[in-house]
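*Asks:* Pasting a structure below so you can have a look.
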Amino acid sequence: MKTAILKSDTFEEVVKIHKGDIKLTLGHMYVAFIVFFLGALAGLLQGLARGGVIDLPAGINYYTLLTAHGVFLALVFTTYFIYGFCYAGLSKTMGSLSDGARKTAWVGFITMIIGTAIAAVLIIIGDANVLYTFYPPLQANPYFYVGLALFVIGNWIGAIAMLKHYFAWRKAHPGEKTPLFGFMTTATMLLWILSTLGVAATVVFQMIPWAFGFSDRINLLLSRTLFWYFGHPLVYFWLMPAYIAWYTVIPKIIGGKIFSDSLARLTFILFLVFSFPVGLHHQLMEPGISEFWKYIQVALTLTGAVAPSLLTAFSLFAMFELYGKERGTTGLFGWAKKLPYGDVRFLAPFIGMLFFILAGAGGIVNGSHQMNAVVHNTLWVVGHFHLSVGSTVILTFLGVAYWLIPYLTGRSLSPTMNRIGIIQTILWTVGMLLMSGAMHILGLLGAPRRTAYTTYSDHPEALEWFTNFFANHITVSIGGTILFISATIMTISFFYLALGAPKDGNVEFPVTNEAYNGSYMPKIFENWTFWVGITLIFILFAYTIPVIDMIVNAPPGAPPINHIIK
Ligand code: HAS
Ligand code: CU
């Protein structure tokens, strides 16, 4: 029986991707959503403990929970989801993976799983209380770093599988333009391989020898710089798949088209080029890096924020406007009346876009050197990344999960399930606005991040009640609790869509290549050797001199301080 699930669904028989690719994607999704729940639970407990609402049950360390929360959600959930989504999209738009590519993908997956399991167990037993940035001189059990290294290697193998598929398609279709989904995935994976080289370097050459005791001191500044050389592209690695959904999936769901194919491609090229030479904007308050290089990287940060993200904002507004015009709307925001807000596949990513307006504004504050001095290391930054990765990206991914999972399993997305999805999305939105709004305010008042046990009363006494009771105790705790309820609903929905919903579904994989502005693309766009070359030049330009400085003028280095938070 064929059923129309939601108003915008077609009655046509849905074309499934290859069974092997379905399995591969589902494998990633199961890991993603199990870890999603664990990460959300750790977040709830740690949030309530920080807000002073509960005392953690004996034996649980606040920093264990904080590490689990960050690593599970920001690193593990995102990565597995992104790989699953990209494999499925590649298979859908560029044909099934070859047996070789699929095998490579599974080898990558298994390597990732081994690495994840080692790191996760060590975090849970409290032997890696180093937070998700694992900054030295905090030190974890040495095998935690081995786990991280394996995780990264697994990621490389998976990325190679995707690149293999993309280049095989190009070989088989000479002169044809690649589907947009594949083009964007390729840019994302190239960015990911280049960036993880930085974190792999500090983990393998600095942290592993230091944690195993082969060297007793570590060059902190160098390790943090290698980390942030990776850390900023990391946030775009999260964002780019959300953008893939905004550019290629949203138009299909609403019944519109992409605004401009070549502008969309240009955005992804700019992400690749501008993600790297900006990592120092996470280190603006660190001594040991000259103002000149900070200045250069701040300028590039703001270029990077304006170029790909404002281009995307422009493209999305233009898409919505043309979509509205086709339906006879007038005025600046007339189109807003015509969007399918009752469809969770649209609503969740759309709210993600709205969040990104706030997150982006906060990011520009962070990136502006002088203002960074006000917000650095305060809860403001935590508020910023809960709006960006925690809302923009996550809401988009969850919106994708509502159709991707039933598409893969052949189950239905019933109107009731859709309604539950909408409630879940609204809870996430309300919870996050409360929590991250309060975090921004607390941060401006001086509340530090990365710690639960501190007094921060360098502000007038009248604010005491506000900060301690209203903002911290009530708003962060209530927001966090609402978020946990939302995450629980999401986890149950995932398992229901994967295993329980009726098997009469006809949910489509909504993705399009059609653009309002034709399909012209400059040839140079698909010349990856050229773009990777430009990226390398930018990297060398922005990092060579500061890194030489860090090595040549290195202080004696730091011994581990793991005992402080044990
Ligand atoms: Fe950030 C710290 C600067 C974007 C994540 N960031 C972080 C950390 C994380 C993070 C996790 O310069 C903390 C790391 C840690 O633990 O220490 N960030 C930026 C800038 C941007 C930015 C300039 N960040 C992101 C994204 C993230 C993310 C994206 C995750 C996904 N961030 C910083 C800086 C720090 C930082 C400093 C260090 C702070 C410190 O001191 O430690 C830009 O890329 C943002 C550009 C975005 C825009 C918005 C465009 C809007 C769009 C939506 C359009 C909406 C539509 C709907 C069409 C300019 C595309 C319209 C409908 C209607 C009805 C209106
Ligand atoms: Cu950054």
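The values are calculated or read from the model by the stated rules, or taken from the named source; none is laboratory data. All values derive from a computational prediction rather than experimental measurement. Note: ideal-geometry Cβ built from the backbone for every residue, glycine included; neighbour counts use all protein chains shown.
*Asks:* What are the pairs with Cβ atoms under 8 angstrom where one residue, in the range 367-382, is within 15 Å of residue 286 (Cα to Cα) and the other, located anywhere, is β-branched (Val, Ile, Thr) and within 6 Å of ligand 1 (Cβ to nearest atom)? Sequence gap at least six, or different chains.
*Replies:* 367/301; 375/381
*Asks:* Name the residues in the range 366-391 that are more than 6 Å from ligand 1 (Cβ to nearest atom) and farther than 15 Å from residue 437 by Cα, would you?
*Replies:* Listed by number, the residues that qualify are 368, 369, 370, 371, 373, 374, 377.
*Asks:* Within the range 538-551, is there a residue that is acidic (Asp, Glu), in a loop (DSSP other than H, G, I, E, B) and more than 30 Å from residue 33 (Cα to Cα)?
*Replies:* No, the range 538-551 contains no residue that is acidic (Asp, Glu), in a loop (DSSP other than H, G, I, E, B) and more than 30 Å from residue 33 (Cα to Cα).
*Asks:* Taking residue 413 and the conditions (1) part of a loop (DSSP other than H, G, I, E, B); (2) without any contact (Cβ under 8 Å) to a residue 12 or more places away in the chain; (3) away from ligand 1 (no atom under 16 Å from the Cβ), which numbered condition does it fall short on, given that it satisfies the others?
*Replies:* Every condition holds for residue 413 apart from (2).
*Asks:* Same structure again: What are the pairs, 6+ residues apart or on separate chains, where a residue within the range 233-250 that is under 22 Å from residue 384 (Cβ atoms) has its Cβ under 6 Å from a residue that is within 16 Å of ligand 2 (Cβ to nearest atom) and among the small types (Gly, Ala, Ser)?
*Replies:* 233/195; 233/275; 236/275
*Asks:* I've got another one for you. Take the conditions surrounded by 14 or more Cβ atoms within 10 Å (Cβ to Cβ) and within 15 Å of ligand 2 (Cβ to nearest atom) and apply them to residue 316. Does it pass?
*Replies:* Judged against the criteria, residue 316 is not a match.
*Asks:* Would you mind stating whether residue 284 is farther than 20 Å from residue 226 by Cβ, of a type outside the set (Gly, Ala, Ser), out of contact with any Asp or Glu (no Cβ under 9 Å at 6 or more places or on another chain) and near ligand 1 (Cβ under 8 Å from one of its atoms)?
*Replies:* No, not satisfied.
*Asks:* On to the next question. Quick one: in the range 497-530, of everything that is surrounded by fewer than 16 Cβ atoms within 10 Å (Cβ to Cβ) and more than 23 Å from residue 187 (Cα to Cα), which residue is modelled with the highest pLDDT?
*Replies:* This residue is 499.
*Asks:* Against the definition (at negative phi, buried (at least 20 other Cβ atoms within 10 Å of the Cβ) and modelled with pLDDT of 95 or more), how does residue 379 come out, yes or no?
*Replies:* Taking the combined requirement at face value, the residue does not satisfy it.
*Asks:* Something else now. Does residue 146 satisfy being touching a residue at least 60 places away in the same chain (Cβ under 8 Å) and either under 22 Å from the mean Cα position of the chain (by Cα) or more than 30 Å from residue 218 (Cβ to Cβ) (or both)?
*Replies:* no
*Asks:* Here are the criteria: (1) outside any loop (DSSP other than H, G, I, E, B); (2) of a type in the set (Lys, Arg); (3) more than 15 Å from ligand 1 (Cβ to nearest atom). Tell me which single one residue 177 does not satisfy.
*Replies:* Looking at each condition in turn, residue 177 falls short on (1).
*Asks:* Kindly provide the set of residues from the range 293-317 that are under 29 Å from residue 553 (Cβ atoms), near ligand 1 (Cβ under 8 Å from one of its atoms) and in contact (Cβ under 8 Å) with a residue 40 or more places away in the chain, ordered by number.
*Replies:* Across the range 293-317, the qualifying residues are 298, 301, 302.
*Asks:* Checking the condition in contact with a strand residue (DSSP E or B) (Cβ under 9 Å, 6 or more places away or on another chain), modelled with pLDDT of 95 or more and not basic (Lys, Arg), which residue from 137, 209 passes?
*Replies:* Exactly one of 137, 209 is in contact with a strand residue (DSSP E or B) (Cβ under 9 Å, 6 or more places away or on another chain), modelled with pLDDT of 95 or more and not basic (Lys, Arg), namely 209.
*Asks:* Ok, one more. Looking at the structure I just gave you, is residue 533 surrounded by fewer than 18 Cβ atoms within 10 Å (Cβ to Cβ), farther than 30 Å from residue 218 by Cα, under 26 Å from the mean Cα position of the chain (by Cα) and not hydrophobic (A, V, I, L, M, F, W, C)?
*Replies:* Criteria met by residue 533.
*Asks:* Going by what's in this entry, would residue 408 be described as surrounded by 19 or more Cβ atoms within 10 Å (Cβ to Cβ), part of a loop (DSSP other than H, G, I, E, B) and away from ligand 1 (no atom under 14 Å from the Cβ)?
*Replies:* Against the criterion (surrounded by 19 or more Cβ atoms within 10 Å (Cβ to Cβ), part of a loop (DSSP other than H, G, I, E, B) and away from ligand 1 (no atom under 14 Å from the Cβ)), residue 408 does not qualify.
*Asks:* Additional query: With the requirement that a residue be of a type in the set (Gly, Ala, Ser) and surrounded by fewer than 20 Cβ atoms within 10 Å (Cβ to Cβ), what does the range 319-341 give you?
*Replies:* Scanning the range 319-341 gives 328, 331, 334, 336.
*Asks:* Enumerate the pairs (first residue in the range 319-331 and without any contact (Cβ under 8 Å) to a residue 60 or more places away in the chain; second residue anywhere and surrounded by 14 or more Cβ atoms within 10 Å (Cβ to Cβ)) with beta-carbon separation below 6 Å, excluding pairs fewer than 6 apart on the same chain, so at least 6 apart or on different chains.
*Replies:* 321/335; 324/334; 324/335; 324/338; 327/338; 329/335; 329/338
*Asks:* When residues of the range 272-292 are filtered for being touching a residue at least 40 places away in the same chain (Cβ under 8 Å), surrounded by fewer than 19 Cβ atoms within 10 Å (Cβ to Cβ) and of a type in the set (A, V, I, L, M, F, W, C), how many remain?
*Replies:* Total satisfying the criteria: 1.
*Asks:* Go through the residues of the range 422-432 one by one and say whether even a single one is surrounded by fewer than 20 Cβ atoms within 10 Å (Cβ to Cβ) and free of Cβ contacts under 8 Å to residues at least 12 places away in the same chain.
*Replies:* Yes, the range 422-432 contains at least one residue that is surrounded by fewer than 20 Cβ atoms within 10 Å (Cβ to Cβ) and free of Cβ contacts under 8 Å to residues at least 12 places away in the same chain.
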